[in-house]
1. In the range 65-95, how many residues are modelled with pLDDT of 75 or more, more than 14 Å from C260 (Cβ to Cβ) and of a type outside the set (S, T, Y)?
2. So Q209 fits all but one of (1) at pLDDT below 85; (2) in contact with a Pro (Cβ under 9 Å, 6 or more places away or on another chain); what number is the exception?
3. Being under 20 Å from R202 (Cα atoms) and basic (K, R) is the filter; apply it to the range 63-101 and report the residue that is farthest from the chain's Cα centre (by Cα).
4. Pull up the range 108-132, narrow it to residues that are surrounded by 14 or more Cβ atoms within 10 Å (Cβ to Cβ) and under 22 Å from the mean Cα position of the chain (by Cα), then point me to the one that is modelled with the lowest pLDDT.
5. Taking the criterion of being in contact with a His (Cβ under 8 Å, 6 or more places away or on another chain) and within 18 Å of E166 (Cα to Cα), would at least one residue in the range 192-209 satisfy it?
6. Keeping to the range 28-44, report how many residues are farther than 21 Å from F93 by Cβ and either touching a Leu at 6+ places or on another chain (Cβ under 7 Å) or of a type outside the set (F, W, Y) (or both).
7. Kindly provide the set of residues from the range 40-60 that are modelled with pLDDT under 90 and of a type in the set (G, A, S), ordered by number.
8. Does L244 qualify as being within 22 Å of H152 (Cβ to Cβ), surrounded by 16 or more Cβ atoms within 10 Å (Cβ to Cβ) and in contact (Cβ under 8 Å) with a residue 40 or more places away in the chain?
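The values are calculated or read from the model by the stated rules, or taken from the named source; none is laboratory data. Quantities reported herein were computed from a predicted structural model and do not represent experimental measurements. Reconstructed Cβ throughout: ideal geometry from the backbone, glycine too, with neighbour counts over all protein chains shown.
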Amino acid sequence: MKHKISTLCLVLIFAVTTYGQQVTVDLPASTLMPHYRLSVAYNTTTILVFPANVCPIDRGARDILAVKQPGVDNVLKLKASRRNFSPTNLHVFTADGRIYAFDVTYTDSLAATYNLTSLTASKDTSVISPVATLTNQIMNEDQMKEIITGLHDSTKRRSIIKIRHERMTMSLEDIGQKDALLFFRLKLQNRSNLPYYVNFLRCYTRDRQKARRTSIQEKELTLMYQDSITIIPGHGCQTAVIALPIFTLAGGKEGIIEACERNGGRSLVLHIHNRVLLRARSL
């Protein structure tokens, strides 16, 4: 009797296991989209020119710095944040709904400039990037210009938060909200004789607590608008307005606005907490 019960249990286990197994198959080769090989350097900048405005960017690792060129929305600038990083990937979405995939490696050679508008004109359909469905822009260009001009002309000049480093100061003077965007007015002041050449502005969220032996999670925030600032002369100042999609911060998170100096070490990092975001005025 015991032998029969044991045999029955084995049969049932085998039947359940076999039924629960899923059949997996490889995706057809025809579904693969082209990946382009790309090298980025630490001291020089790689430029990508797209046929349409650049939308969100997905980096495989933090080793790549990817920012849009202010005032030229279809140009993307790439640099390595550290030398000799491991190969990674990069996906770029453009306003015409196309996706561009890159396999990125490090190089010590001079960076290059690529005109990707020629891809859409290619007769070889295998190299044309696929089309994705993207949401429409939140506001038109005229509305954006009106808000930017209003922020620059505003008499509100009290610093909400500020950071001082190496005789440079970056302060947040105003924060406003319109539709699904947050607008920040920043003031960068140079108290030294040496000019400050702005390489790029970067915005992201990250863990506020830096426990030892734990990784820090960062999430890049896409700049929807950025004033073009290239230099802050000695003993001079500049005001810049940037726009980001509306976001709030969960517990233990902070927002970061970072200004990086070209060929220099005077990086300015502004730490933004949730209570600052909640003070945004309606525009």
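1. First pass over the range 65-95, keeping only residues modelled with pLDDT of 75 or more: 65-68, 72-95.
In the following step, the residues that additionally are more than 14 Å from C260 (Cβ to Cβ) were identified as 68, 72-76, 83-95.
From the residues that got through so far, the ones that are of a type outside the set (S, T, Y) too are 68, 72-76, 83-85, 87, 89-93, 95.
Summing the residues that are modelled with pLDDT of 75 or more, more than 14 Å from C260 (Cβ to Cβ) and of a type outside the set (S, T, Y) in the range 65-95 gives 16.
2. (2)
3. Among them, the one singled out is R83.
4. Keep residues of the range 108-132 that are surrounded by 14 or more Cβ atoms within 10 Å (Cβ to Cβ), which gives 111-112, 114, 116, 119-120, 128-129.
Pick out the ones that are also under 22 Å from the mean Cα position of the chain (by Cα) and you get 111-112, 114, 116, 129.
Numbers: A111: 81, A112: 87, Y114: 92, L116: 89, S129: 55.
Applying the filter and picking the extreme gives S129.
5. yes
6. Quick first cut of the range 28-44, residues farther than 21 Å from F93 by Cβ only: 28-30, 39, 41-44.
Cutting the leftovers down to either touching a Leu at 6+ places or on another chain (Cβ under 7 Å) or of a type outside the set (F, W, Y) (or both) gives us 28-30, 39, 41, 43-44.
The total comes to 7.
7. Across the range 40-60, the qualifying residues are A52, G60.
8. Values: within 22 Å of H152 (Cβ to Cβ): yes; surrounded by 16 or more Cβ atoms within 10 Å (Cβ to Cβ): yes; in contact (Cβ under 8 Å) with a residue 40 or more places away in the chain: yes.
Judged against the criteria, L244 is a match.
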